[in-house]
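Read through the structure below, which is laid out as structure tokens, and then see the notes.
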Amino acid sequence: MKLLSLRRAASVNLAVASLVIGGAASGHAAASDQAGASGQAGVSGQAADRSAPRAAAEPVLRELAAAKGIYYGTAVTASKLNGSYGSITGEQFDSITPGNEMKWGSVEPNRGSYNWSGADAIVDFAEAHGQKVRGHTLVWHSQLPNWVINGSWTADSLRTVMTDHIATEAGRYKGRIDHWDVVNEPFNEDGTRRQSVFQTAIGDSYIADALRAARAADPTAKLYVNDYNVEGVNAKSTALYNLVKSLKEQGVPIDGVGLQAHLIIGQVPSSMQANIQRFADLGVDVAITELDIRMTVPPTSAQLAQQKAEYKAVTSACLAVSRCEGVTVWGFTDSDSWIPEVFPGYGAATPYDENFRPKPAYYGIAEALGWTDGGTTPTGSCAVTYAVQNQWNSGFTAQVTVKNTSTEAVNGWKVAWSWPAGQRVTQAWNATVTQSGSAVTATNAPYNAAIAPGATVTFGFNGALSGSNSAPTAFTLNGTACTA
Ligand code: 9MR
């Protein structure tokens, strides 16, 4: 059964003056019938991680998104889909995009010789976890095999190679892909066409040719054109707009536009919602396809708070337009992000840290999707004291004291940290403690939910050791970093 959900007006309290996302009531069909697919045990080897019950208030992005009628996705790396990475991918997201495994250079490095192992693994994983797949990507100037880049082509010969490639790849996964990024990054920043091998050999019509070939190969997949720096209204997004308009006028099969959204904190375009809306008004769907928000590293807690507001605002911008189908983050963890390699000095761009611990950005997404922590999310600060009180060969007892150093009362708390040395919490008091991989969350007991300004709460636990007992170095209170 599909339910209609009334979308709440986005109320965004922004740390960034440049970012203004309006809100409008609108209706996505809530895919509540899909939400039940989540919460399955993760992949093999991870039973222990997920054996602890999830605290009632812990947000699950895919469930929250489904209730609002959108999907929440992540790019993935096939070889990492096990352990905590696999568990979180399966539990939190209802769409996955191969980061690299479906690109032409990955699947057909030499002409006529195919490698589908990574792509197959991702599609299989998605089906096992009730997830959609965004196929990425069929025609792109980058990560192309040399035989395509360096071939000497006529318009006809390259068109045939391109449409054969689309028929082979989209045909292989026919009926199993929800959205295809058929053409990726066709524009320069000024809105002129990028001089890719396809553009130079075939000309402007290569995009229509590619879309028609994709429709023929997999009639049920939604066909997208995807690009970056097209999130706000600007010359490049206007070129994309004009392309979509002209394709629609010619009857070329196009179902949607992907706004990649590789963003920098403090520079999220204020016109994002208006831009999404103008594409929707053309009669196509829209998706945020590669969201990340980078910052200089190491991040400060102020930067992480700003990033949280911006993840929330981008998610809210999608929710505010009924034709926005969903949001995909480009890697959910900082350990699986392209940013540090390509932008030295930048990083921390995703919603989870390198140890799979949710960052404030994760709670920002959840809040945009309607989640509340049953109380106040502190805007102030906190201080944590961590003390090992007793230790033996295989275990230890520790106590955590949390001080509310802000001027606002905390009413309901979660304290989170990540173990640096494989420790596991076995038993806790004065809090309910759950652990997933190395990520630990301690939730208040009913009797100690409130922490007045300046007051402290203390809880304790026993832990198991599998090596050293190095102390955690960072803690958050309701998603906000504390001083340790
Ligand atoms: O995340 C991908 C990274 O692992 C690759 O090295 C890189 C090569 O260009 O491609 C990355 O993904 C890109 C995506 O396919 C298209 N939009 C930009 C993404 C980041 O470069």
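The values are calculated or read from the model by the stated rules, or taken from the named source; none is laboratory data. Treat the numbers as computed from the prediction; the structure is a model and nothing was measured. Cβ coordinates were reconstructed from backbone atoms using ideal geometry, including for glycine residues, and neighbour counts include every protein chain displayed. To get the accessible areas, we keep the full protein, side chains included, count just its heavy atoms, and leave off ligands, DNA and RNA. Shrake-Rupley method; radii C 1.70, N 1.55, O 1.52, S 1.80 Å.
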Notebook entry, point to check: Which ones in the range 387-400 are loosely packed, with under 15 Cβ neighbours inside 10 Å and in a strand (DSSP E or B)?
Noted result: 387, 388, 389, 390, 391, 392
Margin query: So, residue 169, is that one assigned to a helix (DSSP H, G or I) and buried (at least 19 other Cβ atoms within 10 Å of the Cβ) or not?
Written below: yes
Checklist line | Residues that are more than 11 Å from the ligand (Cβ to nearest atom) and of a type in the set (Gly, Ala, Ser), drawn from the range 101-117 | finding: 112, 113, 117
Next item on the list: Specify which of the listed residues (446, 453, 420) is farther than 28 Å from residue 61 by Cα and out of contact with any His (no Cβ under 9 Å at 6 or more places or on another chain).
Entry: 453
Check: Restricting the range 429-457 to residues that are modelled with pLDDT of 90 or more and more than 27 Å from residue 308 (Cβ to Cβ), which is most open to solvent (accessible area, probe 1.4 Å)?
Finding: 429
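Here is a yes/no grid of residues against (1) away from the ligand (no atom under 16 Å from the Cβ); (2) more than 31 Å from the chain's Cα centre (by Cα); (3) buried (at least 16 other Cβ atoms within 10 Å of the Cβ); (4) among the charged types (D, E, K, R):
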position: 129; (1), (2), (3), (4): yes, no, yes, no
position: 154; (1), (2), (3), (4): yes, yes, no, no
position: 173; (1), (2), (3), (4): yes, no, yes, no
position: 188; (1), (2), (3), (4): no, no, no, no
position: 193; (1), (2), (3), (4): yes, no, yes, yes
position: 196; (1), (2), (3), (4): no, no, yes, no
position: 205; (1), (2), (3), (4): yes, yes, no, no
Note to self: Considering only residues that are part of a strand (DSSP E or B) and within 16 Å of the ligand (Cβ to nearest atom), which ones fall in the range 259-305?
What the structure shows: 259, 262, 263, 264, 287, 288, 289, 290, 291, 292, 293, 294
Margin query: From the list 151, 135, exactly one residue is touching a residue at least 60 places away in the same chain (Cβ under 8 Å) and outside any helix (DSSP H, G or I). Which is it?
Written below: 135
Checklist line | Selection within the range 63-84 - open to solvent by 10 Å² or more (accessible area, probe 1.4 Å) and within 16 Å of the ligand (Cβ to nearest atom) | finding: 77, 78, 79, 80, 81
Item checked: Checking residue 355 against (1) of a type outside the set (A, V, I, L, M); (2) in a helix (DSSP H, G or I); (3) under 19 Å from residue 60 (Cα atoms), the condition it does not meet -> (2)
Next item on the list: Exactly one condition in (1) buried (at least 24 other Cβ atoms within 10 Å of the Cβ); (2) farther than 17 Å from residue 92 by Cβ; (3) hydroxyl-bearing (Ser, Thr, Tyr); (4) in contact with a strand residue (DSSP E or B) (Cβ under 7 Å, 6 or more places away or on another chain) is not met by residue 296; state its number.
Entry: (1)
Next item on the list: Just give me the residues in the range 306-337 being within 15 Å of the ligand (Cβ to nearest atom), part of a loop (DSSP other than H, G, I, E, B), open to solvent by 10 Å² or more (accessible area, probe 1.4 Å) and of a type in the set (Gly, Ala, Ser), in sequence order.
Entry: 337
Margin query: Whether any residue in the range 106-117 is closer than 24 Å to residue 227 by Cα and surrounded by fewer than 16 Cβ atoms within 10 Å (Cβ to Cβ) is what I want to check.
Written below: yes
Notebook entry, point to check: Residues of the range 338-351 being more than 11 Å from the chain's Cα centre (by Cα) and part of a loop (DSSP other than H, G, I, E, B), which ones?
Noted result: 338, 343, 344, 345, 348
Check: List, please: which pairs have Cβ atoms under 9 Å, are six or more places apart or on different chains, and start with a residue in the range 208-233 that is more than 30 Å from residue 271 (Cβ to Cβ) and away from the ligand (no atom under 16 Å from the Cβ) and end with one that is open to solvent by 10 Å² or more (accessible area, probe 1.4 Å) and acidic (Asp, Glu)?
Finding: 213/164; 220/178
Next item on the list: Test residue 98 against the criterion of being open to solvent by less than 10 Å² (accessible area, probe 1.4 Å), at pLDDT 50 or above and more than 16 Å from the ligand (Cβ to nearest atom), and give yes or no.
Entry: no
Margin query: When the residues of the range 338-358 are narrowed to those that are under 21 Å from residue 91 (Cα atoms) and open to solvent by 50 Å² or more (accessible area, probe 1.4 Å), which ends up nearest to the ligand (Cβ to nearest atom)?
Written below: 354
Note to self: Please determine whether any residue of the range 409-419 is at pLDDT 90 or above, outside any loop (DSSP other than H, G, I, E, B), in contact with a strand residue (DSSP E or B) (Cβ under 6 Å, 6 or more places away or on another chain) and open to solvent by 30 Å² or more (accessible area, probe 1.4 Å).
What the structure shows: no
